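First comes the structure, then the notes that go with it.
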Amino acid sequence: MNHPILLKTFCAFVFVFYIGSSCNRNSSKNPARSIDQPEKQRQTNVNFHFVIPSNNEIFKLGSIINLQVAMSDTTLGPDSIQFLIDGKQIGSIKSSLETYKLNTNQLKLGTRIAQAIGYYKNNRREVNNISFKIVASSPPKLYNYKIINTYPHDIGAFTQGLIFEDGFLFEGTGEYGHSTLRKERLNTGEKVLQLNNPSDVFGEGITAFDHKIIQITWKEKVAYIYDIATFHMINKINYPMQEGWGITYNGKNLIMSDGSASLYFLNKDDMSQIDHVIEVCDDQGPVEKLNELEFIEGEVWANVWETDYIVRINPENGEVTGKIDLTGLLKPKERRPPVDVLNGIAYDVKTKRILVTGKNWPKLFEIAVIQK
């Protein structure tokens, strides 16, 4: 039985309930702003940004950067602005009308991150980040070479690492199924000791410290540590880089390359990364494809893969201080397959000899470098 009056009353009630519920749902998604909330406190973005430097701007090492920020409304300006470079505080200013003079001699080369933090009276702060680049202040010194001696080298050795230690040449070779670690007599090329790596390992750079020799691997992210006299394996350690290319030792830390422009400094005991990474740059920008490494008289020397160049690097800031052109070291008639690229630098600390070779080269050379 129908009841029109009751039905109309019921429908009106449902309609009012629906509208009320609807308003409540919308309110929960878009809460109304409190009418007593101060305008300054509500406004959390005042377009606080860097004016200097601009994004990815390039500066020469030693130049002065006048760090400066700007705001869309100076009446809402902060009480102080703090500057950080790569997360480390360097100084502050009192308002956006001031500048902070940053001497780039304090910085390492490569991409740096500047951060400005504005502090306000109401405990609010604003943060803005920007990246810029530092390159070398001048071109690297250029060097030629003079051949002092020539020694035999196994043309079957795909040279990845080379060191001279205790009167012997030590060599690490690569390629899956053919990677080795060798101890050789320099004058004759005779193998005194050889260790064959597992077939699933691609051997890379080597270095020695504390009567041990370490061999890193390309993509396996594993370093093998051996007794330098017997090649008996002492340990096997994982390292944080995605790829291993070259490695050397500066008397305190291991220094490792991964094929980029970066050099990583590692703890020699467990290969954990310490707080020091340099991006290698000349006056034009980053130098990529850093490969085999050697520490020589306070500098890192690095083969640049697929070139005939060795770069000399300041390990403190990444500056390329010198560039050695080894073009023509191996005669054109000798550069036949399987001969590959220049790679391999060894230094005899006692006699100051510099030894270089390449992948599958028939010869190894003692050279002197001569500034052009």
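The values are calculated or read from the model by the stated rules, or taken from the named source; none is laboratory data. The shown structure was predicted, so the numbers you read here are calculated from the model rather than taken from an experiment. Using ideal geometry, Cβ is built from the backbone for each residue, glycine included, and neighbour counts are taken over all protein chains shown.
If only residues of the stretch 135-194 that are in a loop (DSSP other than H, G, I, E, B) and touching a Gly at 6+ places or on another chain (Cβ under 7 Å) are counted, the one that is surrounded by the fewest Cβ atoms within 10 Å (Cβ to Cβ) is SER137.
Residue-level analysis places ILE113 outside the set of residues that are part of a strand (DSSP E or B), crowded, with 17+ Cβ neighbours inside 10 Å and of a type outside the set (Gly, Ala, Ser). Among the residues of the stretch 318-326, at least one is part of a strand (DSSP E or B), polar (S, T, N, Q) and under 30 Å from LEU61 (Cα atoms). For the stretch 356-365, residues that are farther than 12 Å from LEU326 by Cα and either outside the structural domain of THR327 (by TED's automatic domain parsing) or surrounded by fewer than 24 Cβ atoms within 10 Å (Cβ to Cβ) (or both) total 4. Of all positions in the stretch 222-244, none carries a residue that is in contact with a Pro (Cβ under 9 Å, 6 or more places away or on another chain) and in contact (Cβ under 8 Å) with a residue 60 or more places away in the chain. Just for the stretch 83-105: of the residues that are hydroxyl-bearing (Ser, Thr, Tyr) and in a loop (DSSP other than H, G, I, E, B), which one is surrounded by the most Cβ atoms within 10 Å (Cβ to Cβ)? Among those residues, the one meeting the criterion is SER96.
Scanning the stretch 319-329 for any residue that is among the small types (Gly, Ala, Ser) and out of contact with any strand residue (DSSP E or B) (no Cβ under 7 Å at 6 or more places or on another chain) turns up at least one such residue. Can you name the residue in the stretch 195-207 that is outside any loop (DSSP other than H, G, I, E, B) and of a type outside the set (A, V, I, L, M, F, W, C) and, of all such residues, is surrounded by the fewest Cβ atoms within 10 Å (Cβ to Cβ)? Across the stretch 195-207, the extreme among qualifying residues is ASN196.
ILE93 satisfies every condition listed in (1) touching a Pro at 6+ places or on another chain (Cβ under 9 Å); (2) modelled with pLDDT of 85 or more; (3) of a type outside the set (Phe, Trp, Tyr) except (1).
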